[in-house]
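To keep things clear, I will list the structure first and then write my remarks on it.
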Amino acid sequence: MTCIRKTSLLLLAGACALWAGGSITGTVKVKGDIPKDETRIVTKNAEQCGAKMNAQKYVISASGGVKWAVAMLEEAPKGGKAWGQVDLVYNNKECRFEPHVLIAPTGGTLKVSNSDDMLHNANFSQVEGDKKKGIVNLALPRKGLVLENNRILRRAGLISVECDAHDFMQGWIWSLPHPYASVTDSNGGFKIDDVPPGSYKLKVWHEGLGEKIVEVKVEDGQDSKVNVEL
């Protein structure tokens, strides 16, 4: 049985049902011409940040693989796993939000840190269609400061992160009620593990290329391949 490889010998009743499953792997690629990344002018602290910086909006490989896309199941699978203990830090580093795109558990606590020797104001907003609704603004006036906040992730959905002190900074967080999601790597690849057998809708999101939903079927112990073009 698949679950024997994923659990200890001290199996509780129902543990196999919880952990048995397959995986979803795939690649997110650009459909058509590859867009160039945006260049943003540094309007403050240029002596530390540099005069210009790329936006990380379009980080795309020569073969068209899209970095910083998110592949996620639209709904939590029945009998699937819940988020485990997660210690997440969203960092202001070298005049960027790091990582550029983060997935995080809805209802969890997020640590926001400052690794730069300057003031940052991290402004978190819930994205609702083409509008943004403010959640919280966290002032980080000095290097090494770390603030914990349980309001940022209280609702599921997409969160925009901007710096009120540096208008060229932009980051994104997906607050998700389940852990069945993955951020694509530099080649556009992603993998979602421990998915219970069944048919699912997989949503792929990217900040500049939009969204797409595809159907995927998962079988126990098998790897389902999904390639998505945006």
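The values are calculated or read from the model by the stated rules, or taken from the named source; none is laboratory data. This is a predicted model, so every value here is computed, not measured. Cβ sites come from the backbone with ideal geometry, for glycine too, and all protein chains shown count toward neighbours. For the accessible areas, the whole protein counts, side chains as well, though only heavy atoms, and no ligand, DNA or RNA atoms are used. Shrake-Rupley method; radii C 1.70, N 1.55, O 1.52, S 1.80 Å.
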Could you identify the single residue in Glu94, Glu148, Glu128 that is in contact (Cβ under 8 Å) with a residue 40 or more places away in the chain and among the acidic types (Asp, Glu)?
Glu94
For Val86, all conditions in the list (1) modelled with pLDDT under 95; (2) of a type in the set (A, V, I, L, M); (3) over 16 Å from the mean Cα position of the chain (by Cα) hold save one; what is the number of the exception?
(3)
For segment 108-118, give me each residue that is crowded, with 19+ Cβ neighbours inside 10 Å and either among the β-branched types (Val, Ile, Thr) or part of a loop (DSSP other than H, G, I, E, B) (or both).
Val112, Asp116
So Ala139, is it among the aliphatic types (A, V, I, L, M) and in contact (Cβ under 8 Å) with a residue 40 or more places away in the chain:
no
Collect the residues in segment 32-49 that are within 25 Å of Leu102 (Cα to Cα) and part of a loop (DSSP other than H, G, I, E, B), keeping them in residue-number order.
Ile34, Pro35, Lys36, Asp37, Glu38, Val42
Residue pairs meeting the criteria (Cβ under 8 Å; at least 6 apart or on separate chains; first free of Cβ contacts under 8 Å to residues at least 40 places away in the same chain and among the small types (Gly, Ala, Ser), in segment 28-40; second in a strand (DSSP E or B) and loosely packed, with under 14 Cβ neighbours inside 10 Å):
none
Check segment 183-201 and report whether any residue there is touching a Lys or Arg at 6+ places or on another chain (Cβ under 6 Å), among the small types (Gly, Ala, Ser) and over 22 Å from Lys57 (Cβ atoms).
yes
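Looking at Lys191, is it surrounded by fewer than 18 Cβ atoms within 10 Å (Cβ to Cβ), out of contact with any helix residue (DSSP H, G or I) (no Cβ under 6 Å at 6 or more places or on another chain) and within 29 Å of Asp220 (Cα to Cα)?
yes
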Restricting segment 130-159 to residues that are small (Gly, Ala, Ser) and within 18 Å of the chain's Cα centre (by Cα), which is surrounded by the most Cβ atoms within 10 Å (Cβ to Cβ)?
Ala156
Selection from segment 69-107 of residues in a loop (DSSP other than H, G, I, E, B), open to solvent by less than 70 Å² (accessible area, probe 1.4 Å) and touching a Ser or Thr at 6+ places or on another chain (Cβ under 8 Å) yields Ala69, Thr106
Please count how many residues of segment 19-31 are open to solvent by 60 Å² or more (accessible area, probe 1.4 Å) and either modelled with pLDDT of 95 or more or not in a loop (DSSP other than H, G, I, E, B) (or both).
2
